[in-house]
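Any read-out appearing in this document is the output of simple, stated calculations on the displayed coordinates, not a laboratory observation. The structure displayed is predicted, hence computed values, not measured ones. Glycine gets a Cβ as well: all are built from the backbone with ideal geometry, and neighbour counts include every protein chain shown.
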Amino acid sequence: MERNLAVTEALVRRAAAAGARLIATPEATTYLGPHDRKIALAEPIDGPTHQRLGRLAAELGVSLLVGSVAERAADRGGEPARRAHNTSLLFGPQGQLLAHYRKLHLFDVDLSDHGGVRFAESATTAPGAPPDDLVVADTELGRLGLSICFDLRFPELYRALVDRGATLLAVPSAFTLMTGKDHWHVLLRARAIETQCWVLAPAQWGTHDDRGLRQSYGHSLIVDPWGTVVAECGDGEGFCIADIDPDRVAAVRRRVPMENNRRLS
């Protein structure tokens, strides 16, 4: 966990030095590993690790979306919580927590018949609850709608975020290598095209366990409201950066006025 924080801080500092005003990190920024360990490391929203990241935003004077952390779930009846929330934290340039989002759609899939692995995120993660956990927050670059990884496969979520005024969409992820190589770019471009929003998708990369079973695809990228990939990372640790023009959203929506032509709600 300490190495993850050190790498995060170094990359955030580099991005800020390159001129970034809104910086986003991947899903599971602080820890991605065995689930029992995740539960043990989970902290409340205002826990010390999360405060440390807020202080980093304040030091650099940037908006910082921490893609997700393990947030301690509320205990019931005095019993220790068996699950944590998978939660995004959005800090403002003064270090204040502007918004938090608890992942709605949990990664329960079985890829074993295609050489992958089986995941049951719901066994250790408590989902958010709509509509309370549909989150859009103001940033200097526009209204940012929050989502996490597996949410990407549910376009109705992004329609709801746009209905709440979103002009940017964040999709911090730890997409598996198997699904990422076939679905990552396609789904992100589709969400950008159908919502006519900027899409910011920071992603985990690499192998996350000693057996090599958990591998993330990486390829963090930024997509414009027309669906064009304007920045992308390759393999390895790093960052990509792009100029986000808020007026681009309005221009695309004027050219293709989808809202005026909508027939189903």
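Using r as the Cβ-Cβ distance of D235 and D133, and R0 as 41 Å, what FRET efficiency do you calculate, to the nearest 0.05?
Once the sixth-power term is evaluated, E becomes 0.80.
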Item checked: Approximate spin-label separation E140-D243, in nm, with each point projected 7 Å along Cα-to-Cβ -> 1.6
Next item on the list: State the antiparallel share, in %, of DSSP beta bridges confined to the chain, rounding to the nearest 5.
Entry: 70
Item checked: Between the range 31-77 and the range 99-141, the alpha-carbon center distance in angstrom -> 16
Checklist line | Three-way shape call for the chain based on the alpha-carbon gyration tensor, with the a/c threshold at 1.5 | finding: rounded
Item checked: Distance (nanometres) between label positions extended 7 Å along Cα→Cβ at D75 and A40 -> 1.8
Notebook entry, point to check: Using only helices, what value at 222 nm comes out for the chain when you add -39,500 (n - 2.57) per DSSP H run of length 4 or more and divide by the total residues, to the nearest 500 deg cm²/dmol?
Noted result: -9000 deg cm²/dmol
Notebook entry, point to check: To the nearest µm²/s, what D does Stokes-Einstein give for the range 1-80 at 4 °C and 1.567 mPa s, using the Kirkwood radius over alpha carbon pairs as Rh?
Noted result: 96
Next item on the list: Enter the angle in degrees (range 0 to 90, nearest 10) between the Cα long axis of helix 2-17 and the first principal axis of the Cα atoms of the chain, meaning the one along which they spread out most.
Entry: 20
Note to self: Whole-Hz ³J(HN,Hα) for each residue in the range 96-113, computed from phi via Karplus 6.51 cos²θ - 1.76 cosθ + 1.60 with θ = phi - 60°, x for glycine and proline: what do you get?
What the structure shows: 7, 7, 7, 6, 9, 9, 9, 3, 8, 9, 9, 7, 10, 9, 10, 9, 5, 6
Margin query: Under 8 Å for C-alpha pairs, at least 6 residues apart: give me the relative contact order for the chain, rounded to a whole percent.
Written below: 14
Checklist line | Cut-off 14 Å, label 7 Å out along Cα→Cβ of A58, residues of the range 91-114 by amide N | finding: 91-98
